[in-house]
Amino acid sequence: MTKNLKMIFLGAPGAGKGTQSDIVAEKYGIPTISTGVMIREAIKNNTEMGLAAKAYTEKGALVPDEVVIGIISERLEKADCQNGFILDGFPRTVPQAEALDQMGVGINCVVSLEVADEKIVERMSGRRVCAKCGASYHILYNPSENGTSCDKCGEALSIRKDDAPEVVLDRLNVYHNQTEPLKDFYGKKGVLVLVEGQEEVKDTTRLTLEAIENAIK
Ligand code: AMP
């Protein structure tokens, strides 16, 4: 019997976590929980949390651990997470991973999408997002059907403020310093699989699904 999938996508910004999360979520019928999407939503709606997060996010820094840990613990208690879930963009620091352990959710698969920094910078310059539903596209590698609006909700696509080249370099530094140590954290637990990000989304998906199927069989 296969186990419920409770997984994390690790990887640099722009490595393809959001794209692969959505594909896996659809295949397994489980939700994707993206702290980045939740934070952008809160900023758009001017909530208290959004106002607190805005300055960090815009300069490419991480929002304080206690804020994101709070959001995630509330979200994981919802009924739709009981048969599994995918975390995209959380945890991003060792204290966040320790807090997740304490929630006792039993992560059984961590896929780290490996993409070289030079490739990330190139990819980020072509990223386009839907500010309404959070869908993400790339002008060359994963374009929307008409190239200008979202396939899911029709909203005009835009460029994320934090995808500006100078902010991307800061975000990559943050990734290497604060998030990459999580590979060691989950490697020691025996749940980590490294997946080389491929040129074509579908090739990365094939490798990702193989890793997942092995983890939950
Ligand atoms: P993302 O869409 O995952 O690239 O996240 C965009 C931004 O939201 C990040 O650069 C951070 O400012 C913030 N953020 C998202 N997830 C986290 C997290 N787990 N911890 C701290 N900050 C986060």
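Plugging the Kirkwood radius over Cα pairs into Stokes-Einstein for the chain, at a temperature of 20 °C and a viscosity of 1.002 mPa s, what D comes out in µm²/s?
Result for D is 122 µm²/s.
Calculate the dipole size of the chain relative to its Cα centre from +1 charges on Lys and Arg beta carbons and -1 charges on Asp and Glu beta carbons; express the result in debye to the nearest 20.
Taking the Cα centre of the chain as origin, the dipole is about 300 debye.
Stretched out fully, how many nm does the piece from Lys27 to Lys183 gain, at 0.36 nm a residue minus the Cα gap?
Computed gain between Lys27 and Lys183 is 53.6 nm.
So for the chain, taking the charge dipole from beta-carbon charges (+1 Lys/Arg, -1 Asp/Glu), which of Leu100, Tyr186, Gln198 sits furthest toward the positive end?
Leu100
Under 16 Å Cα to Cα from Lys152, which lysines show up? Leave out anything in the same chain fewer than 8 places away.
The reachable lysines, counting only those whose Cα sits under 16 Å from Lys152, are Lys132.
Over the chain, what is the relative contact order in percent, taking alpha-carbon pairs closer than 8 angstrom and at least six residues apart?
31
Which order do Thr32, Thr148, Thr208 fall in if you start with the one that has the fewest other Cβ atoms within 10 Å?
Ordered by Cβ neighbours within 10 Å, fewest first: Thr148, Thr32, Thr208.
Tell me which lysines have Cα within less than 27 Å of Lys188's Cα, excluding those fewer than 8 residues away on the same chain?
Lys3, Lys6, Lys17, Lys217
Using a 10 Å cut-off on Cβ atoms, rank the peptides 8-17, 70-79 from the highest mean neighbour count down.
With the highest mean Cβ count within 10 Å placed first, the list reads 8-17, 70-79.
Report the gain in length on full extension from Lys3 to Glu166: 0.36 nm times residue separation, minus Cα-Cα distance, nm rounded to one decimal.
54.5 nm
Arranged by the count of other C-beta atoms within 10 angstrom, fewest first, what order do Met49, Met103, Met7 take?
Lowest to highest Cβ neighbour count: Met103, Met49, Met7.
Need the C-alpha centroid separation for the stretch 55-94 versus the stretch 170-217, integer Å.
The stretch 55-94 and the stretch 170-217 have Cα centres separated by 17 Å.
Less than 10 Å Cβ to Cβ from Leu5, Lys/Arg counted +1 and Asp/Glu -1: what total charge do the surrounding residues give?
+2
Bear in mind these aren't lab numbers, they're just calculated from the coordinates by the rules spelled out. Everything numeric here is computed off the predicted structure, so don't read it as measured data. Note that each Cβ is placed from the backbone with ideal geometry, even for glycine, and that neighbours are counted across all protein chains shown.
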